[in-house]
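What follows is a single structure, written as structure tokens, with notes after it.
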Amino acid sequence: MNMLVPLAALLGLEVKAITGRIRQTLIAYAVMVVFGLIGLCFLLLATYLALADWLGTMPAALTCAATALVLAMVTFILIKVSTTRRQREQAEKRHAAETSAFVTTAATTALPALWKSPALRTIAMPAAAALAAFLLTRRGGNHPDH
């Protein structure tokens, strides 16, 4: 919320009104969470009572406990899979960025050595210009990427 204050002052908005609305929204969400948890507790209690009436008290308690443990394990597995996938994607992005930086550094390092060779300079410059012109004209036409 402290980061919003300079932005709001910059935009000329009234800071007290914004912080008041944020506080009111947070309180409303907190009240909704509390009542949602109370409703969930009563729903679980009603489920237990129905199972106790149908199966008996001990099997109903064991069924509720086993169901809760299975749901906890499924949630844990889903979180682990999601975390692993996100870490793999971040590693792939980091690897691609490092590879690009390495190629750029190598090309920048090799360029002065290539400029010292007069034969390569007279052959490579027109070839590079022709290749660049070809690539630019090819992209400017009816290309499916555009």
Would you work out the charge dipole size for region 50-101 about its Cα centre, treating the Cβ of every Lys and Arg as +1 and the Cβ of every Asp and Glu as -1, and quote it to the nearest 20 debye?
280
Show me the ranking of peptides 50-58, 104-112 by mean Cβ neighbours inside 10 Å, starting with the highest.
50-58, 104-112
Cα centroids of region 76-99 and region 21-57: how far apart, whole angstrom?
35
Residue-wise, which Karplus ³J(HN,Hα) couplings in Hz belong to region 59-67, taking 6.51 cos²θ - 1.76 cosθ + 1.60, θ = phi - 60°, and x for glycine or proline?
x, 5, 5, 5, 5, 5, 5, 5, 4
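Here, each number is a calculation from the coordinates, and none is a lab measurement. Because the structure is predicted, anything quoted here is derived from the model rather than measured. Methodologically, a virtual Cβ is constructed for each residue, glycine included, from the backbone with ideal geometry; neighbour enumeration extends over all protein chains shown.
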